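Data block below; observations after.
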Amino acid sequence: MFTPWGQSDYTEQLEPGVLRVGTPSHGGLMITRTYAEKHLSPEARERGMSCGIYLAYEEDCNWCIAAYELKHLWPQLFRNCNIDPWDHLLRSLSRWNLDYLRARAINPMPEEAAQYDAMKRTDELRRIKHPDLIVSASTHPSEAGKVVLTTADGKEHVVDDDKYDCTRVPNLLSFCR
């Protein structure tokens, strides 16, 4: 079967209209448009990737959108997992698809929602080539204890390595002062 990720080498029908597919490199859920019209919200349908008669939801993040709405399939989707499906799906949606939760007026997990918002802010700063956004860091080639930081505008800055914290999101030069 052809999928957005290439030719499938694994296909499992979860029920008529819903397939779990895998390729050598990726996979996800493929849901017929007819099934989606009956069982998925407009918000879920608009986030599916068009692929012939299917809407595709890739396995890393977007599959959670469809899975969240297809609770009756949780026993199949989570059969080899020892986790709470609701908690897992809500955490993933809060981190990667917060716009979906907001569109559905579903309360997200606060910590994951903050990560999503920070990631979106970083994307916007990168898009506008903001001079405060750090996009690269490396050890200074000749000065011990120094780090060379490149910002989104292409400029390099040298700071003390104890002032640079790579765990902040967004990672801003102004935090290094």
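The values are calculated or read from the model by the stated rules, or taken from the named source; none is laboratory data. Predicted model only: the values in this text are computed from it and were never measured. Cβ placement follows ideal geometry from the backbone for every residue including glycine, while neighbour counts extend to all protein chains displayed.
Some notes on this structure:
- Pairs with Cβ under 6 Å, 6+ apart, first in the range 135-161 and surrounded by 14 or more Cβ atoms within 10 Å (Cβ to Cβ), second of a type in the set (Ser, Thr, Tyr): VAL135/THR150; VAL147/TYR164; VAL148/SER138; THR150/SER136
- Residue that is nearest to TRP96 (Cα to Cα) [pool: residues in the range 125-149 that are touching a His at 6+ places or on another chain (Cβ under 8 Å) and of a type outside the set (Lys, Arg)]: LEU149
- Scan of the range 74-93 for residues that are polar (S, T, N, Q), surrounded by fewer than 17 Cβ atoms within 10 Å (Cβ to Cβ) and either within 20 Å of the chain's Cα centre (by Cα) or part of a helix (DSSP H, G or I) (or both), ordered by number: GLN76
- Selection status of ASP117, in a helix (DSSP H, G or I), surrounded by fewer than 20 Cβ atoms within 10 Å (Cβ to Cβ) and out of contact with any helix residue (DSSP H, G or I) (no Cβ under 6 Å at 6 or more places or on another chain): yes
- Residue pairs meeting the criteria (Cβ under 7 Å; at least 6 apart or on separate chains; first assigned by TED's automatic domain parsing to the domain that holds ARG45, in the range 55-73; second in a helix (DSSP H, G or I) and of a type in the set (Phe, Trp, Tyr)): TYR57/TRP63; CYS61/TRP96; ILE65/TYR100
- Only one of the numbered conditions (1) among the hydroxyl-bearing types (Ser, Thr, Tyr); (2) surrounded by fewer than 17 Cβ atoms within 10 Å (Cβ to Cβ); (3) at pLDDT 95 or above is violated by TYR57, and that is (2).
- LYS71 being more than 24 Å from HIS39 (Cβ to Cβ) and surrounded by fewer than 16 Cβ atoms within 10 Å (Cβ to Cβ): no
- From the options GLY28, GLY48, residue that is surrounded by 19 or more Cβ atoms within 10 Å (Cβ to Cβ) and closer than 20 Å to ILE106 by Cα: GLY48
- Residue match in the range 32-53 (condition: part of a strand (DSSP E or B) and in contact with a helix residue (DSSP H, G or I) (Cβ under 7 Å, 6 or more places away or on another chain)): no
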